[in-house]
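Asks: Got a structure here, written out as structure tokens. Questions coming.
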Amino acid sequence: MSTHKWVGSWSVSPVDFTDAPLYLDKQTIRAKIRLSIGGTKIRLKFSNRFGHQPVILSGVAVALSENDSDIVEGTNRMVTFNGKASTIIQAEQEVVWSDEIDLETANLSFISISLFFSEETSITTAYLGNSECYISVGGDYVNSNVFPIDQIRRETSIQPALPLLTGIDVLTSEEYSAVVTFGDSITAMDWPDYLAERFIKEGKNMGVLRQAIGGNKVLNDSPATFHYGSSGIQRFQKDVLLQTGVKYIVVLHGVNDIIHSCGPQPISKPVQAEEIIKGFQSYAEWAHEKKMKIYGVTIMPFGGYNGITSLEEEKRQAVNHWIRTSGKLDAVIDFDAAVQNPEKTNELLPSYDSGDHLHPSKQGSKAMAEFVNLNLFLN
């Protein structure tokens, strides 16, 4: 007789939006999200980590997604919290779990989560990316198949950040587990999605969680207006070690510690390679204390990026040498070797370059996911 367990299928790292709160006035926000693995039930995780006041969630629903903000008829499920339809998330409260929800989901399927705020609400804990978000005209539309979007707001503002929701677990079979991909904008992009697709294609029972923030650094925070998140050493234990069903951690981090202090408008103080390495050592120690395996990813080439000099390249090489040779990590995933231009090894291969000489193109992200040795991930 098979047993079941909860495993993380989707996640984000919350960011402090105190300087640019999300304002909702008796409105509903609906997020379309792709799961990495499916299950027989789901549960939702919320956080008000950077909140300055309690937030009232007046209604929550989850459904299978259709086009854009629409949902599949007959699949909407109202969400409860300790049996109640609403909940209050206190200021700075780290975790609030929903009750389990009877909704069967498939691997790599899309679901929609609707949140209704019955009062004027200012939210400062959110994440921009890893979902498609829609804000309604005034009213409670959590149980509506068709979602009436606030077109004026949509046309006059940027894509809204997703407030409060930080994780989705699924109830699945015992052989499933999860891997956390941890880092910065490169991991906030496409390669973890392609990795999740490879796992499914190859029959690996592995959820893929993404704890990545654009601009994020290992050692230092950035100015609040950039929304680059708390430093890795500040958020690693909350954002990684508390995820559900995790056996593996893949860390691609450190490039911003190197490049944010160079160029015509630096936004952080210079740090040495040895300091970044100490941050990685902390990651490894924390992971091993929890009996998790941690895989280090080499920092990818950034030659040609604005302001880069030989000094930054020397730091990159020093950190990569430690990742490859220290033995402190359980394995190495050498993305540096995977995406570099063989004729100019300090640069990305042109077809793998998004154009800024730092971030990978979609083709580059696919190559990264294809390079990963799936034998590192045993169920």
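Asks: At a probe radius of 1.4 Å, what is the per-residue accessible area of H288, in Å² to the nearest 10?
Replies: 70 Å²
Asks: So, with +1 on the Cβ of K and R and -1 on the Cβ of D and E, and no other charges, what is the size of the charge dipole of the chain about its Cα centre, to the nearest 20 debye?
Replies: 660 debye
Asks: A further question on this structure: So for the pair E66, L374, with labels modelled 7 Å out along Cα→Cβ, what separation do we get in nm?
Replies: 3.4 nm
Asks: With a 1.4 Å probe and all protein chains in place, put H52, H253 in order of accessible area, largest first.
Replies: Output order, biggest surface exposure first: H52, H253.
Asks: Got a number for carbon plus sulfur as a percent of the range 183-265's accessible area, 1.4 Å probe?
Replies: Working: 1200 of 2640 Å².
The C+S portion of the solvent-accessible surface of the range 183-265 is 46 percent.
Asks: Please sort by residue number the GluC sites (Glu not before Pro) in the range 163-224 whose DSSP state is loop and whose Cβ has at most 15 other Cβ atoms within 10 Å.
Replies: Those that pass, being in a loop and sparsely packed, are E174, E175, E202.
Asks: Can you tell me the FRET efficiency between D334 and S310 if r is taken as the Cβ-Cβ distance and R0 is 22 Å, rounded to the nearest 0.05?
Replies: 0.50
Asks: Taking a ≥ b ≥ c as the square roots of the Cα gyration tensor eigenvalues, with a/c under 1.5 meaning rounded and otherwise prolate when a/b beats b/c, else oblate, which class fits the range 228-379? Kindly include the intermediate steps, with their values, before the conclusion.
Replies: Working: a/c = 1.83, a/b = 1.29, b/c = 1.41.
Oblate.
Asks: Rank by packing, highest mean first: peptides 279-287, 323-331, with packing defined as the count of other Cβ atoms within 10 Å averaged across residues.
Replies: 279-287, 323-331
Asks: Further question: Can you sort K291, K217 by solvent-accessible area, 1.4 Å probe, largest first?
Replies: K291, K217
Asks: I would also like to ask the following. So what is the accessible area of the range 261-379 per residue, in Å², with the probe set to 1.4 Å?
Replies: Per residue, the range 261-379 has 50 Å² of solvent-accessible surface.
Asks: Calculate the length of the line joining the C-alpha centroid of the range 199-243 to that of the range 292-342, in whole Å.
Replies: For the range 199-243 versus the range 292-342, the Cα centre distance is 18 Å.
Asks: Continuing with this model, one more query. Considering amide H positions built from the backbone, and no H for Pro or chain starts, which residues 5 or more places from D221, or on another chain, come under 5 Å of its amide H?
Replies: Here the answer is S231, since their amide H atoms fall under 5 Å of that of D221.
Asks: Could you tell me which chymotrypsin sites (Phe, Trp or Tyr not before Pro) in the range 1-79 are loop residues by DSSP with no more than 13 other beta carbons within 10 angstrom of their beta carbon?
Replies: none
Asks: Here's a follow-up. Size of the dipole of the range 6-80 about the Cα centre, Lys and Arg at +1 and Asp and Glu at -1 on the beta carbon, nothing else charged, in debye to 20?
Replies: The dipole magnitude comes to about 380 debye.
Asks: What figure in square angstrom, to the nearest 10, would you give for the accessible area of I56 with a 1.4 Å probe?
Replies: Spelled out: I56, probe radius 1.4 Å, area about 60 Å².
Asks: What is the gain in length, in nm to one decimal, between K84 and E197 on full extension, counting 0.36 nm per residue of separation less the C-alpha to C-alpha distance?
Replies: Residue separation times 0.36 nm, minus the Cα-Cα distance, leaves 37.1 nm.
Asks: At 222 nm, what helix-only mean residue ellipticity would the chain give, in deg cm²/dmol to the nearest 500, using -39500 (n - 2.57) for each DSSP H run of four or more?
Replies: Mean residue ellipticity, 222 nm, calculated: -6000 deg cm²/dmol.
Asks: So how do I152, I277 rank on accessible area, 1.4 Å probe, biggest first, that is with the largest at the start?
Replies: My answer, sorted largest first, is I152, I277.
Asks: A follow-up question, please. In square nanometres, what is one fourth of the surface area of the convex hull spanned by the alpha carbons of the range 226-288?
Replies: On the way: hull surface 19.7 nm².
Mean projected area of the Cα convex hull: 4.9 nm².
Asks: By how many nm would the segment from E94 to E120 lengthen if fully extended, with 0.36 nm per residue of separation less the alpha-carbon distance?
Replies: Once the chain is fully extended between E94 and E120, it gains 7.1 nm.
Asks: Another question, if that's okay. Using only protein heavy atoms and a 1.4 Å probe, report how much of K238 is accessible, in Å² to the nearest 10.
Replies: Looks like 100 Å² after rounding.
Asks: First check a/c for the range 112-162, with a ≥ b ≥ c the square roots of the eigenvalues of its C-alpha gyration tensor; if it is under 1.5, answer rounded, and if not, answer prolate when a/b is larger than b/c or oblate otherwise.
Replies: Note, shape of the range 112-162 comes out rounded.
Asks: Roughly to the nearest percent, how much of the accessible area of the range 1-154 is carbon and sulfur, given a 1.4 Å probe?
Replies: 49 percent
Asks: Here's a follow-up. What dipole magnitude, in Debye to the nearest 20, does the range 154-267 give about its Cα centre under +1 on Lys/Arg Cβ and -1 on Asp/Glu Cβ?
Replies: 120 debye
Asks: Taking the dipole about the Cα centre of the chain, with the C-beta of Lys and Arg at +1 and of Asp and Glu at -1, give me whichever of I113, A188, F236 is farthest to the positive side.
Replies: F236
Asks: Please give, to one decimal in nm, the separation of the simple spin-label points placed at T345 and K26, each 7 Å out from Cα toward the Cβ.
Replies: Placing both labels 7 Å beyond Cα along the Cβ direction yields 6.5 nm.
Asks: At 1.4 Å probe radius, can you tell me the per residue accessible area of the range 134-234 in Å²?
Replies: Values: 3750 Å² over 101 residues.
With the other protein chains kept in place, the range 134-234 gives 37 Å² per residue.
Asks: Add +1 for every Lys or Arg and -1 for every Asp or Glu among the other residues with Cβ under 15 Å from the Cβ of H227, and state the total.
Replies: -1
The values are calculated or read from the model by the stated rules, or taken from the named source; none is laboratory data. Only a predicted model underlies this, so the values are computations on that prediction, with no experimental measurement involved. When we count neighbours, we look across all protein chains shown, and the Cβ atoms used for this are built from the backbone with ideal geometry, even at glycine. With ligands, DNA and RNA removed, areas are computed over all heavy atoms of the protein, side chains included. Shrake-Rupley method; radii C 1.70, N 1.55, O 1.52, S 1.80 Å.
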